[in-house]
């Protein structure tokens, strides 16, 4: 059996259809606590439906989950995510995108350089062919 306050929150949310924001203001508690209680009862679908629009809302919900979850595994996963967020490990895609841009720029420079070298070689071979001098012998290596 859950805490009486949690039962009241769930009743207000399920039966009366009151939004988590209004419930939080009526009970004078943090929105993430209300969302955590609803999520604990209703599951992941409820988390997505409670209006987590800002990153701060998600972080607050995860903090609440890390402190109040029944399962140690859930607490551990929430703590791991929060630690990764705090150390900046969750921003890998932005860093990865920047590295890809740099690599693409280097690749384009390399292609341009190789194309330039190829054009130079082609130009020299045409000049050599048009000059009337004998062409160098090509040695086949097998």
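The numbers here are math on the coordinates, done by the rules we state, and not lab data. Keep in mind it's a predicted model, so treat the numbers as computed, not measured. When we count neighbours, we look across all protein chains shown, and the Cβ atoms used for this are built from the backbone with ideal geometry, even at glycine.
If a/c stays under 1.5 just call it rounded; otherwise compare a/b with b/c (prolate if a/b is bigger, oblate if not). Do that for segment 59-135, with a ≥ b ≥ c from the square roots of the Cα gyration tensor eigenvalues.
Verdict is prolate for segment 59-135.
Once fully extended, how much extra length lies between residue 28 and residue 86, figured as 0.36 nm per residue of separation less the alpha-carbon to alpha-carbon distance?
Using 0.36 nm per residue and subtracting the Cα-Cα distance, I get 18.1 nm.
Highest first, please rank the peptides 16-25, 68-77 by the mean number of other Cβ atoms sitting within 10 Å of their residues.
16-25, 68-77
Between residue 96 and residue 123, what FRET efficiency comes out of the Förster formula 1/(1 + (r/R0)^6) with R0 = 35 Å and r the beta carbon distance, rounded to 0.05?
The pair residue 123/residue 96 has a calculated efficiency of 0.30.
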